[in-house]
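Chemist: Questions regarding the structure given below will be posed in turn.
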Amino acid sequence: MKAFILDRYGSNDGVRAGEMPDPKLRDDDVLVQIHAASVNPVDLKIRDGKLKLILPYRLPFVLGNDLAGVVVRVGSGVRRFRPGDEVYARPDGDRIGAFAEFISIKEDAVANKPKKLTMEEAASIPLVGLTAWQAMVERANLKSGQRVLIHAGSGGVGTFAIQLAKHIGAIVATTTSTANLEWVKRLGAENVIDYKKDDFANILHDYDVVLDTLGGETLEKSVRVLKPGGKLISIAGPPDPDFAKEVGATWIVRLAMRVLSHRIRKVAKRHHVSYSFLFMRPSGDQLGEIGSLIDSGVIRPVVDRVFPFEATKEALAYVEKGRAKGKVVVKVR
Ligand SMILES: NC(=O)c1ccc[n+]([C@@H]2O[C@H](COP(=O)([O-])OP(=O)(O)OC[C@H]3O[C@@H](n4cnc5c(N)ncnc54)[C@H](OP(=O)(O)O)[C@@H]3O)[C@@H](O)[C@H]2O)c1
């Protein structure tokens, strides 16, 4: 099959279009013919070797973490899908490879594609949708009337998380640049801070939850926005000891995560708020719930650009610029 393959870590120079053997099908797998895949910053982190400690792939391998397509075969133990089903998924972290013609995915990670969406729109959803769901619903237990700050409201995660938080009934604030202000308001954010002009930490107070998508200085300043007992959840900041335990990290990696997150945990404690790092996980069940919200018109996909399959490297380079409005998609067939 045709695929975009990583030969060596470091940059787009290590990525090439080439042929790979068709994926093997396990008993609990579905084999999906991929119609569209979306690009996520995690593709760049994997490409550059930044996640080697927690995701040790063997080179060469196929990149890509998000897809929509049609089931062509199912393993002997598969009960919920049949050939011909239109599906979408974020595959397990150790079995990625969405920039390709085919992928085998565990049945548990797959859901029926939302009926309303095209393949390109559906491929834009799984990774950011699951991230927003696991942050807002599971980790934050966000409730109607609570106040949430979602950083980078115009990004892939932000555009989804704003709509989800709004649906829950929360009061949503977000940060974005001047050109995107009105546009993110229309997604459901009531309080939009222009990060080019204003400092969110001087404006927002007494928030219940912050979803940090930027890390660094933004993460640390976010503590000041929260009220005592508030929750600071980061998908970009340093991994914490609980995350290390969750992934069964070795003692040296556990120690590294403890040291890296020491400062933010200390600052959070001083302000009587909690800090936690979230690394999203695949879930077909949650994608099913997300699909219902999409089909009922509560959440709509936000696709910035669609690139042809041959231009997958250009799609990666486009996302790398960090200015995407919503999601970037590759049309595979
Ligand atoms: N831990 C996890 O499980 C997990 C899951 C998903 C994503 N992530 C991480 O979360 C981060 C965001 O992901 P994404 O898919 O949303 O990225 P993305 O779509 O590439 O984000 C691009 C957006 O970020 C905005 N932005 C950049 N700098 C900003 C700033 N200082 N303040 C506010 N907005 C800013 C840009 O808006 P402007 O053009 O207006 O600046 C742009 O619209 C990435 O680091 C990704 O790796 C982690």
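The values are calculated or read from the model by the stated rules, or taken from the named source; none is laboratory data. As the structure is a computational prediction, the values presented were derived from the model and not from experiment. Don't worry about glycine lacking a Cβ; one is built from the backbone with ideal geometry, like all the others, and counts go over all protein chains shown. Please note that ligands, DNA and RNA were not included when accessible areas were found on the heavy atoms of the full protein model with its side chains. Shrake-Rupley method; radii C 1.70, N 1.55, O 1.52, S 1.80 Å.
Chemist: With a 1.4 Å probe and every protein chain left in place, tell me how much accessible area residue 172 has, in Å² to the nearest 10.
Modeler: Ignoring ligands and nucleic acids, residue 172 comes out at about 0 Å².
Chemist: Which pairs, out of 50/143; 196/313; 52/245, put more than 24 Å between their alpha-carbon atoms?
Modeler: From 50/143; 196/313; 52/245, over 24 Å: 50/143; 196/313.
Chemist: Ordering 168, 233 from largest to smallest accessible area (1.4 angstrom probe), what's the sequence?
Modeler: Result, largest first: 168, 233.
Chemist: With every protein chain kept in the model, how would you rank 274, 222 by accessible area, 1.4 Å probe, largest at the top?
Modeler: Final ranking, largest accessible area leading: 274, 222.
Chemist: Also, I was wondering about something else. Given only helices, namely DSSP H runs of n ≥ 4 each adding -39500 (n - 2.57), what is the per-residue ellipticity at 222 nm of the chain, to the nearest 500 deg cm²/dmol?
Modeler: Computed ellipticity for the chain at 222 nm equals -8000 deg cm²/dmol.
Chemist: Heavy-atom accessible area of residue 16 with all protein chains present, probe 1.4 Å, nearest 10 Å²?
Modeler: 100 Å²
Chemist: Then there's this: Looking at the chain, what % of its DSSP beta bridges pair antiparallel, to the nearest 5?
Modeler: Percent antiparallel among DSSP bridges in the chain is about 55.
Chemist: Using unit Cβ charges (K, R positive; D, E negative) and no other charged atoms, how large, in debye to the nearest 20, is the dipole of the chain about its Cα centre?
Modeler: Once rounded to the nearest 20, the dipole reads 640 debye.
Chemist: At 1.4 Å probe size, with the rest of the protein present, what percent of the exposed accessible area of the chain is carbon and sulfur atoms?
Modeler: Of the solvent-accessible surface of the chain, carbon and sulfur hold 50 percent.
Chemist: Apply the membrane-span-like helix rule to the chain: whole DSSP H runs, Cα extent along the own long axis of at least 27 Å, mean Kyte-Doolittle hydropathy at least -0.5. List the helices found.
Modeler: none
Chemist: Ordering 128, 192 by how much accessible area each has at a 1.4 Å probe, largest first, what is the list?
Modeler: Largest accessible area first, the list is 192, 128.
Chemist: Moving on to the next point. Using only the Cα atoms of region 128-173, build the gyration tensor, take square roots of its eigenvalues as a ≥ b ≥ c, and label the shape rounded, prolate or oblate: rounded if a/c is under 1.5, else prolate if a/b is larger than b/c, else oblate.
Modeler: Verdict is oblate for region 128-173.
Chemist: Here is a follow-up. For a distance above 34 Å, tell me the whole-number percent of Cα pairs in the chain that qualify.
Modeler: 22 percent
Chemist: Reachable aspartates and glutamates from residue 115, Cα under 12 Å, same-chain residues fewer than 8 places away excluded?
Modeler: List returned: 85, 86, 295.
Chemist: In nm², what is the average projected area of the convex hull enclosing the Cα atoms of region 98-183?
Modeler: Projected over every direction and averaged, the Cα hull of region 98-183 covers 7.3 nm².
Chemist: Same structure again: What figure in square angstrom, to the nearest 10, would you give for the accessible area of residue 250 with a 1.4 Å probe?
Modeler: Rounded to the nearest 10, that gives 80 Å².
Chemist: What is region 76-137 by shape, rounded, prolate or oblate, if you read a ≥ b ≥ c off the alpha carbon gyration tensor as root eigenvalues and call it rounded for a/c under 1.5, prolate for a/b larger than b/c, and oblate otherwise?
Modeler: Here region 76-137 falls in the rounded category.
Chemist: Name the aspartates and glutamates eligible as straight-distance cross-link partners of residue 269: C-alpha to C-alpha under 14 Å, and not fewer than 8 places from it in the same chain.
Modeler: Within the straight-line cut-off, residue 269 pairs with 220, 240.
Chemist: Return one whole number: the accessible area per residue of the chain in Å², for a 1.4 Å probe.
Modeler: 45 Å²
Chemist: Looking at the square roots a ≥ b ≥ c of the eigenvalues of the Cα gyration tensor of region 249-290, which shape do they give, rounded for a/c under 1.5, prolate if a/b is larger than b/c, or oblate?
Modeler: oblate
Chemist: Enumerate the amide H contacts of residue 240 below 5 Å, restricted to partners 5 or more residues apart or on another chain; note that Pro and chain-start residues carry no placed amide H.
Modeler: 277
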